Amino acid sequence: MKIEESNIVETNDYRVIIYPASRPFETKEAKVITEKLYDFLAGWAAHGKPLSSSFKIEKNQFIIICVDEEKEMASGCSIDALGKIMREIDAEYQLGLFDRMKASFVENGTVKTLKLQEFKSKLRSGELSKEIEVFDFSKNTYLEFLSNFLLPFGRSWASSI
């Protein structure tokens with residue numbers, strides 16, 4: 001069961017699962033991914049009970065899945081089913097959705113993604129300005145996502161590098 005856009009309540013703390021791609025989606029890819037996720041989420045269930053869920057593609061590069069666990073908790077099997085469809089999407093378009101050794105940031109208004117080692121190296125050498133904003137993929141709730149998904153460098157996880 002899909003959370004309709006009009007039913008998303010900004011104060012509800014939905015569970016969030018973030019799948020960061022290593023590059024922006026092409027228009028055709030975004031369309032197919034959207035169709036696949038709509039179809040999947042329409043039938044997504046935990047122990048036979050429909051999950052109230054939705055998704056959005058953020059910055060044309062990050063897939064954000066929301067689940068209202070106040071209605072029904074996502075089970076291990078339902079999370080595995082989500083992982084399966086996401087692995088299929090990842091394999092089809094080579095998006096790097098499961099590669100956690102990367103950093104994504106906004107520099108001069110553009111989303112960029114680098115391998116984590118290259119990101120660290122460019123920060124240390126000064127090649128990459130500390131005026132960037134950094135994405136944090138560790139957010140687990142919708143409220144955390146809204147307020148802390150994209151942070152100024154100094155408030156982000158990257159400031160400790």
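The values are calculated or read from the model by the stated rules, or taken from the named source; none is laboratory data. Values in this document were obtained by computation on a predicted structure and should not be read as measured data. Neighbour counts are summed over all protein chains in view; Cβ atoms, including those assigned to glycine, are modelled from backbone coordinates with ideal geometry. For accessibility, only protein heavy atoms count, side chains too; no ligands or nucleic acids. Shrake-Rupley method; radii C 1.70, N 1.55, O 1.52, S 1.80 Å.
In terms of Cα to Cα distance under 17 Å, which aspartates and glutamates are near enough to K130, apart from those fewer than 8 places away along the same chain? Candidates past the 8-residue exclusion: E107, E118. Each stretch of four or more DSSP H residues adds -39500 (n - 2.57); spread over every residue of the chain, this sum gives -10000 deg cm²/dmol at 222 nm.
Taking a ≥ b ≥ c as the square roots of the Cα gyration tensor eigenvalues, with a/c under 1.5 meaning rounded and otherwise prolate when a/b beats b/c, else oblate, which class fits the range 80-159? Since a/c reaches 1.5 but b/c is at least a/b, the shape of the range 80-159 is classed as oblate. Once C-alpha pairs closer than 8 Å and six or more residues apart are averaged by separation and normalised to the residue number of the chain, the relative contact order reads 25 percent. Among [x] 53, 35, 27; [y] 50, 31, 26; [z] 50, 35, 34, find the value of Cα extents along the principal axes in Å that was calculated from the structure presented, and write down its label. Checked against the structure: label [x].
Between their Cα atoms, which of K36/K115; K28/K59; K28/K112; K31/K59; K59/K102 are more than 18 Å away from each other? Please report the intermediate quantities before stating the final value.
Numbers: K36/K115 28 Å; K28/K59 16 Å; K28/K112 20 Å; K31/K59 14 Å; K59/K102 16 Å.
From the list (K36/K115; K28/K59; K28/K112; K31/K59; K59/K102), the Cα-Cα distance tops 18 Å for K36/K115; K28/K112.
Looking at V111, S78, G48, which one has the Cα that reaches farthest to the positive end of the dipole of the range 22-161 (charges on Cβ: Lys, Arg +1; Asp, Glu -1)? Ranked along the dipole, the leading option is V111. Using the Kyte-Doolittle scale, which helices in the chain average at least -0.5 and also have C-alpha atoms spread 24 Å or more along the helix axis, with helices defined as whole DSSP H runs? For the chain, where a helix must reach 24 Å along its axis and average at least -0.5, the hits are 27-43, 76-93.
Averaged over its residues, the chain has an accessible area of 54 Å² per residue, based on protein heavy atoms and a 1.4 Å probe.
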